[in-house]
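This report concerns only the one structure given below.
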Amino acid sequence: MAKRSEIYKCEICGNIVEVLHGGAGELVCCGQPMVKMEAQTADSSTEKHVPVIEKLGDGKVKVTVGSVLHPMEEKHYIEWIELRSGDKSCRAYLEPGQKPEALFQMDGDHFTAREYCNIHKLWATE
Ligand SMILES: [Fe+2]
């Protein structure tokens, strides 16, 4: 059963969807079940993908990918960054050539973040 905020991908056409309201049914695309994406949370020694959250004050929160800036090239880049706090969620979509970072306005005590690399898939702070 799909749960809210889970992310699923179609291995055939590349559709990626996020669940807004979980249901009992199986998510299907191109005639086969979609694959639930599990976020990775630990960087290897080479490329860095785990989002870094920085509180700037006045509700401003900056999220950077990652501890060493991730490439933003045509063939390899961060497609989006999401900041979450409690029941709130905010997402910024990025393009090649931009910085791998996003600035959000969100109140909260505890933040988490997710990001999607077009090659290395889904990553999260926890
Ligand atoms: Fe990557």
Per-residue HN-Hα couplings for the range 69-77, Karplus 6.51 cos²θ - 1.76 cosθ + 1.60 at θ = phi - 60°, whole Hz, x for Gly and Pro?
3, 6, x, 10, 9, 3, 8, 8, 7
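Is there a quick way to get the dipole size of the chain? I mean about its Cα centre, with the Cβ of Lys and Arg at +1 and of Asp and Glu at -1; what is the value in debye to the nearest 20?
Details: 15 positive and 20 negative charges, 23 e Å.
Charge dipole, the chain, about its Cα centre: 120 debye, nearest 20.
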Rg to Rh ratio, the chain, alpha-carbon atoms and Kirkwood radius?
0.98
Using modelled backbone amide H atoms (1.01 Å from N, in-plane), which distant-in-sequence or interchain residues come within less than 5 Å of Cys29's amide H?
Met34
Please report, in debye to the nearest 20, how large the charge dipole of the range 23-65 is about its Cα centre when each Lys and Arg carries +1 at its beta carbon and each Asp and Glu carries -1 there.
160 debye
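No lab work stands behind these numbers, since they all come straight from the coordinates. As the structure is a prediction and not an experimental result, all values here were calculated from the model. Glycine gets a Cβ as well: all are built from the backbone with ideal geometry, and neighbour counts include every protein chain shown.
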